[in-house]
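What follows is calculated from the coordinates using simple rules that are stated; it is not laboratory data. Computed from a predicted model, the values in this text were never measured in an experiment. Every residue, glycine among them, receives a Cβ derived from its backbone with ideal geometry; neighbour counts consider all protein chains shown.
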Ligand code: DC
C-alpha cells in the first residue's frame, strides 16, 4: 500500500533534494510545499497586496490558482501560478526575503494546507516543508526531520544562488536564513516543529547519496509494515 512521507526542517537543509530523490526512487509524487508559499508571495509582491490587511489577503487568495506539473526535462514537478510557470522566479532573493512573513499569515496557511491535504488524498507522495508532519499530514506513515549545521546550510544556499545572482554575499545569505528560521519557528500558526514521531536525519556530514540510502531504508521498513 502507498504511504505518505513527510520531510520537514529548517531552510536549506537539503529537504527538497532528498524529497525529490526519494519520490523518484519510490515512483511517488513529490511536492515542494515551500514553492506554494513562494508563489503566493510572488503574487502579493507583483500586485502590491498589503498583506497586513486581512480583506486584501482574502481577495488576493481568491485570485490565486496554484498547480504543479511534471516536467520531464527537469524530472520534477514545477509550480504554476495562474497558469504561468514560476518555478525559477520564486527562487528570487526578493521572494525569499518576504516569504516567511507571508507564510505566517493564518489565511495563507489555511489556503495552502487545504490544497496540500487534497493532493495527498491518494497517498504515494513525498512532501517537504515545515509543518507537513505536524499539521498537514499528522498521521503520515514516515516523518523525517532533516537538520544540518548552520554553516553548512549557508554554504549550500550560497552555492545554489550565486550562479543567478553574482553580487550576492555570503553574509546576505546567512542573514536571510537566520531570519527565516526565526520567523518560521516562532510564528503563531503551525510553527516549524519536529513532530514527536519524526526521525531526525542530520546530513551535515553526509553526501546526497548517503542520506538518500538512509531514507530509502526507512521508507522500505514503513512500506513493509503497511502492506
Ligand atoms: O522550503 P522553502 O525555503 O522554499 O520555503 C519557503 C518559506 O515558506 C519558508 O521560509 C517557510 C515557508 N514554509 C512554510 O511555512 N511551511 C511549509 N510547509 C513550507 C514552507
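Tabulated data for the structure shown
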{"item": "FRET efficiency estimate (nearest 0.05) - Cβ-Cβ, residue 182 to residue 217, R0 35 angstrom", "result": "0.55"}
{"item": "Rg to Rh, two decimals, where the range 144-227 supplies the alpha carbon set and Rh follows Kirkwood", "result": "1.07"}
{"item": "Fluctuation leader among 79, 105, 40 - the chain, Gaussian network, Cα springs under 10 angstrom", "result": "105"}
{"item": "Global geometry of the range 162-209, whether rounded, prolate or oblate, following the gyration tensor of its Cα atoms and the 1.5 cut on a/c", "result": "oblate"}
{"item": "Computed Rg/Rh of the range 98-154, alpha carbon atoms with Kirkwood Rh", "result": "1.02"}
{"item": "Radius ratio Rg over Rh of the range 65-159, counting only Cα atoms, Kirkwood formula for Rh", "result": "0.96"}
{"item": "Cα Rg, Dmax, the range 1-123, angstrom units", "result": "14.6, 45"}
{"item": "Cα-based convex hull volume of the chain per residue, rounded to whole Å³", "result": "122 Å³"}
{"item": "Gyration tensor verdict on the range 86-127 (Cα atoms; rounded if a/c is under 1.5, prolate if a/b is larger than b/c, oblate otherwise)", "result": "oblate"}
